[in-house]
Amino acid sequence: MQIVETGPDDERFAAWCEVWAATQRADRPGEAPRPASDHVALGRRLTTPGGSVAGTHRAAVDDGAVVGALRLLLPQRDNPSVAHLDVAVSPASRRRGIGTALLTEGVRLAAAAGRRSLVAEVDEPGPDTPGRAFARAHGWTCDLQETRRDLLLPVPGERLAALEAEAVAASAGYAVVTWRDRTSDALLDDRALLSRRMSTDAPSGDVPVGEEDWDAARVREQEEVTLARGRTVLSAGALHDGRLVAFTDLHVPLARPERASQSGTLVLREHRGHRLGARVKIAVLRELAATLPAVRRISTYNSDGNRPMVAVNEALGFRPAGRLSTWSTRL
Ligand SMILES: CC(C)(COP(=O)(O)OP(=O)(O)OC[C@H]1O[C@@H](n2cnc3c(N)ncnc32)[C@H](O)[C@@H]1OP(=O)(O)O)[C@@H](O)C(=O)NCCC(=O)NCCS
């Protein structure tokens, strides 16, 4: 078995993407895996100089076949001591040390890039996920546990109307706006601040990651990458005195729009307590029903300690559908 460099323009990259698809099909048989085009677009972003995140890819090749995949992400604008790592091994090739070999390579690459912490996520559709046992076996610590919740659409109209009436009554003085894919120039700086706050205010347990450095240009970069990944994004926000003080984003993969994911929701600290989280989520659900009715299910992830957000989601009808854990190690 050899570990070789690969990337979006390498002939092995399709097989590299297939390792992820096979892993997802094995772990969550009812769900379509991420299309290869998504990995390609993300890979291009990582390997194009000047972006806010750089990165590199490695393939584990055994007897000419790609059986394992590693992606290392290196934040460029903030978190200079952190690297994020994704590793997967084809289900048919597991328990032969390939995951360990890729992890060792990831540690070497991260250290060579001057990073001191490595962070990785483990999707846990049920108990006994291999990723958890693997991370433990390598002495990583579990820093954050989140529950995935799914909402089946459509949401009954009465439920939405009742929640909306409560939220509107509690948030007099705030107006709601929605947009798709491109934040208006007028709201761009405010949207950047919301992303910055997202990196500090969303519960992140003991994950060794600090504040992210966001500005208008980075919001635009993110929008472009998301479109290149074949996703459309519906957003809703709350305005106070013309300033954007809350947002929610919903990502829909255009090739397979059945399943959307709620990517981020935040209300600025000084505007909390007015049910704005519920208000923007309801606004985006209404927009979704009107413009993308093919979406059947929305997934969202919340830390178990994030009571306000979990309460909003439960009231909307989101129900538990597995877990996601975040692990780290010091180099
Ligand atoms: C986690 C994963 C990468 C492991 O790949 P692998 O090639 O099977 O890993 P290794 O053979 O190097 O396993 C190393 C050790 O991890 C532990 N381990 C791995 N899979 C395990 C499982 N299913 N049950 C219990 N322990 C397990 C064992 O201690 C194992 O050593 P052993 O085989 O000598 O007992 C693979 O299962 C996978 O792709 N899972 C889905 C993606 C994922 O969760 N990635 C983890 C991100 S950190």
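The values are calculated or read from the model by the stated rules, or taken from the named source; none is laboratory data. As the structure is a prediction and not an experimental result, all values here were calculated from the model. Cβ placement follows ideal geometry from the backbone for every residue including glycine, while neighbour counts extend to all protein chains displayed. Surface accessibility is based on the protein's heavy atoms, side chains included, excluding ligands, DNA and RNA. Shrake-Rupley method; radii C 1.70, N 1.55, O 1.52, S 1.80 Å.
Only residues that are within 16 Å of the ligand (Cβ to nearest atom), touching a Gly at 6+ places or on another chain (Cβ under 8 Å) and under 24 Å from Asn306 (Cα atoms) were counted in segment 129-170, giving 4. As a summary of the residue check, Arg45 satisfies the conditions (1) open to solvent by 30 Å² or more (accessible area, probe 1.4 Å); (2) within 11 Å of the ligand (Cβ to nearest atom) except for the one numbered (2). Applying a threshold of 6 Å to beta carbon distances and a minimum spacing of six or more residues, or different chains, the list of pairs starting in segment 21-50 at a residue that is farther than 12 Å from Ala88 by Cβ and ending at one that is of a type in the set (Val, Ile, Thr) and open to solvent by less than 50 Å² (accessible area, probe 1.4 Å) reads Arg45/Val225.
Output the residues belonging to segment 205-250 that are open to solvent by 40 Å² or more (accessible area, probe 1.4 Å) and closer than 21 Å to Gly273 by Cα. Result: His240, Asp241, Gly242, Arg243. For segment 84-98, the count of residues that are modelled with pLDDT of 95 or more, within 15 Å of the ligand (Cβ to nearest atom) and of a type in the set (Ser, Thr, Tyr) is nonzero. Residues that are surrounded by 22 or more Cβ atoms within 10 Å (Cβ to Cβ) and either part of a loop (DSSP other than H, G, I, E, B) or under 22 Å from the mean Cα position of the chain (by Cα) (or both) within segment 72-102 comprise Leu72, Ala83, His84, Leu85, Val87, Ala88, Val89, Ser90, listed in sequence order. Evaluation of Val209 against the conditions (1) over 26 Å from Gly43 (Cα atoms); (2) touching a residue at least 40 places away in the same chain (Cβ under 8 Å); (3) in a loop (DSSP other than H, G, I, E, B) shows that the sole unmet condition is (1).
Of all the listed residues (Arg180, Arg196, Arg275), the sole one being under 26 Å from Ser328 (Cβ atoms) and modelled with pLDDT of 95 or more is Arg196.
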